[in-house]
Amino acid sequence: MAKATLKNIFSKKNNTAELVKDMVAHLDANIRIEDENGKVLFSFGEAVYGYEFPVVLEDEIIGTVKDNKNEGGFIVEFLVVLLQKEQERKKLGSEVLNLYQEINLIFNFSDKLAQTIDATAIAEIALEEAIHVIESDYGVVALWDEENRVMKVEASRGDLFFDQQKINEELTLLRKIVLSGQSEIISDISLLKETGIILPEVQSVIFSALRVKHRIMGAIILASNQVDKYTAGSLKLLTTLALQSSSAIESSLLYERNIREAREREEAMRRIFEATEKFVPHQFLKSLGHEVITEVKLGDQVEKIVTVLFTDIRNYTSLSEQMTPEETFAFICLFNERMGPIIRENHGFINQYLGDSIMAIFPVNASDALQAAVAMQGEVGELNKVLEENNKAAIQIGIGMHTGPLIMGITGDFDRMDACTISDTVNTASRVESLTKHYKASILLSEASLNQIENKADFHLRNLGLVQLKGKHHSINVHECFSCDGQEQLNNKLNTLSIFNEGVTHYLGNAFEKANEAFKKVTEIDPDDRTARFFYNFSQQILDSGAHENKVGIVEMNEK
Amino acid sequence: MEQKLLIVDDEAHIRMLLEQTLEDLEDEGVEFFSAQNGEEALEIIQAENPQLVFLDVMMPKMNGMEVCRRVKKELKLDKVFIVLLTAKGQELDRQKGQEVGADLYMTKPFDPEMILNKAKEVLGL
């Protein structure tokens, strides 16, 4: 702090010079006042002096009063009073300025903190500021991680004055300090030194807890190589900085926790969506123009031309009679598990499981459905191998499909909704599937499906003529796909294909005798062709009934 | 030429703080003046012609902006270096400060070190 000088009190804004002048006039003496360098600050009368009086302030000569009447003592006394007053003013002023600087510092500190949301960055700012205002050689901001029960050094300056390893050891003195929640100057650091956690050069340590209410978060610790470096003022400043940092760190930790929780919620939502997708296929939602199930609302619907495919386990009823309900369930699960992926691989999705039956939808084209059907029959062959190995009866499935318009939508009421399909296409597809039993065919498809297949050459197909489905007025043309038959049967069917086709043509032309002959020929060459046998028997029945003159070549279905 | 400095603020403690901050300059022979409102400031500027003025913006009886405008634009005393001081959080448009001809714009609470350095720089000390 600057000391008051004679120059100060003679400066223009004080009227010291005038007062001294008045005084001297009363004394009627020659007077000269000089500063410590002999510079004249005031003079009166002739420059003739005989006496000298030193001006002493706080044991220091700061000037001289010269006069010719030995009266200078009064003037010195007067000046000293003024000097003391000036000194007091300066002291007060400097204290106020110091306080103001602290306010300014804290103001700026809050400003900086307000711009930061990361705990480590806050620790850095706090430490930088602390070391700047409380001159120190070392500094550490340590945070206590309650969850993992470890001390974490968030920021440090200078070579770490602590032995890092010892910090983490259970119950060191340092941890006790940090977790004490106190703010102190450690005057006797021999205690710390004995524990070996502090460098030998360190002479002074000051620390302040970082805490919010009663929760201790950590501490800011500063250290210096100088003895008795820290004062009560340092402690006050450090405590203020620590207080502000604590709230900032607390906010940042809360923020981090919020972010983490938000992520966890997001993850949970994702898992829910994943789970719901297993019940309502994503393709179904996508068809409705939605990405996630939460967007779905009652009455959502879309109409599309799709291929509907049905599978059915032929001898399911007798099969299930031989099994307990648990075994039946396990068996159906095993079956569905093998079929589902094939449907998805061919761009279809399962709309519904109906007991032993699967209803799948292929929104792109019928070719996908037919390819899936062939692969499913192949998979049944694989499944049968496993069943036979376990001495269980082999199964057979029939697959039927039809292509046509379909409305997919969400129906139900506000509290119970479900994805549903409404369409005659579904009924027809189901009926086509039923036909497989009568024709003894593995895969049947309607003409509508066939028309949508561009790569017909990739499949082995034969026309089975017209059929009037139960409950339908119009007859439809059905085709058999035998690509999935065993090699021997496949070859036989290919060999007899032209005769078979002849038979169907005659049959459609009501030439039942010729048709009967053709199918007879096919069954003679290939006795295993059960479809040809069906047609042979059917035409024979018509011929036997003698009603063939009036009959048309349409197979009527009276059962489902 | 004798160097002069004027501190203008309606708050006594701010005047005192600025004086205290700039105390070192007094020892170097700079003469200090102070005013507590705009009108007084204008009078002193005209009478003493200081080289440097620290001028608070928010003041009764003519605010700092107006004082600055009159000094720079009407009296054309463009050799006076004017530092406008305003409270943080109520920063006025910097452009407005420039329009009235202020040489510098600082916020309160001010950084004493910065103020002293600036004053020394302007006065060439």
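Derivation of every value follows stated rules applied to the coordinates shown; laboratory data play no part. On a predicted model such as this, the values are computed, not experimentally measured, just so you know. Reconstructed Cβ throughout: ideal geometry from the backbone, glycine too, with neighbour counts over all protein chains shown.
The table below lists the values:
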item: Estimated [θ] at 222 nm from DSSP helical runs (n ≥ 4, -39500 (n - 2.57)) normalised by residues in chain A, nearest 500; result: -16000 deg cm²/dmol
item: Amide hydrogen neighbours beyond the local backbone of A:LEU464, cut-off 5 Å, H modeled; result: A:VAL478, A:HIS479, A:GLU480
item: Cα shape, the stretch A:318-421, gyration tensor, a/c 1.5 rule; result: oblate
item: Filtered GluC sites (Glu not before Pro), the stretch A:177-257: DSSP coil and at most 13 other beta carbons within 10 Å; result: A:GLU201
item: Cα-based reach from A:LYS66 at 16 Å (exclusive), listing aspartates and glutamates while leaving out same-chain residues under 8 positions away; result: A:ASP28, A:GLU34, A:ASP35, A:GLU36, A:GLU46, A:GLU52, A:GLU77
item: Phi-based couplings in Hz for the stretch A:3-11 (Karplus 6.51, -1.76, 1.60; Gly and Pro marked x); result: 8, 5, 10, 4, 4, 3, 6, 9, 5
item: Extension gain, A:GLU52 back to A:ALA275 (0.36 nm per residue minus Cα-Cα distance, nm); result: 69.9 nm
item: Two-site label geometry, A:ARG257 and A:LYS85: point separation in nm, points 7 Å out along Cα→Cβ; result: 6.1 nm
item: Per-residue ³J(HN,Hα) for the stretch A:44-55, Karplus 6.51 cos²θ - 1.76 cosθ + 1.60, θ = phi - 60°, Hz, x for Gly and Pro; result: 8, x, 6, 7, 10, 10, x, 10, 10, 10, x, 9
item: Qualifying trypsin sites (Lys or Arg not before Pro) for the stretch B:1-89 [loop in DSSP, other Cβ within 10 Å: at most 11]; result: B:LYS76, B:LYS79
item: Computed [θ] at 222 nm, deg cm²/dmol, chain B (DSSP H ≥ 4; -39,500 (n - 2.57); rounded to nearest 500); result: -11000 deg cm²/dmol
item: Restraint check, A:LYS3/B:LYS61; A:LYS392/A:LYS472; A:LYS176/A:LYS236; A:LYS297/A:LYS472; A:LYS229/B:LYS118; B:LYS4/B:LYS108, Cα-Cα greater than 28 Å; result: A:LYS3/B:LYS61; A:LYS392/A:LYS472; A:LYS297/A:LYS472; A:LYS229/B:LYS118
item: Helix A:325-345 vs. chain A, principal-axis angle (Cα, 0 to 90°, nearest 10); result: 80 degrees
item: Modelled FRET efficiency - R0 60 Å, B:GLU74 with A:GLU146, Cβ distances, 0.05 increments; result: 0.35
item: Cα-based helix-to-principal-axis angle, A:72-114 vs chain A, degrees rounded to 10; result: 0 degrees
item: Hypothetical label at A:ILE407: residues of the stretch A:285-314 whose amide nitrogen lies under 12 Å (7 Å Cα-Cβ projection); result: A:299-304
item: Over the stretch A:6-102: Kirkwood hydrodynamic radius from C-alpha pairwise inverse distances, Å; result: 14.1 Å
item: Tensor-based shape of chain B (alpha-carbon gyration tensor, a/c under 1.5 rounded, otherwise prolate or oblate); result: rounded
item: Sites matching GluC sites (Glu not before Pro) across the stretch A:400-494 that sit in DSSP coil, with at most 10 neighbouring C-beta atoms within 10 Å; result: A:GLU454
item: Prolate/oblate/rounded label for the stretch A:85-136 (Cα gyration tensor, a/c 1.5); result: oblate
item: Tilt relative to chain A, helix A:497-508 - C-alpha long axis, 0 to 90 degrees, to 10; result: 70 degrees
item: Packing-based order for A:410-422, A:43-55, using average beta carbon neighbours within 10 Å, highest first; result: A:43-55, A:410-422
item: Vicinal HN-Hα couplings computed from phi for the stretch A:455-463 (Karplus, 6.51 cos²θ - 1.76 cosθ + 1.60; Hz; Gly/Pro x); result: 8, 4, 5, 6, 10, 9, 10, 9, 6
item: For chain A, the fraction of alpha-carbon pairs in successive 10 Å shells from zero, as %; result: 3, 12, 13, 10, 7, 7, 8, 8, 7, 6, 5, 4, 4, 3, 2, 1, 0, 0
item: Cβ-Cβ FRET estimate between B:VAL122 and A:LEU99, R0 fixed at 41 Å, reported to 0.05; result: 0.95
item: Interchain or long-range residues, amide H under 5 Å from A:ALA511's placed H; result: none
item: Proximal charge balance of A:GLY398 [Cβ under 12 Å; K/R count +1, D/E count -1]; result: 0
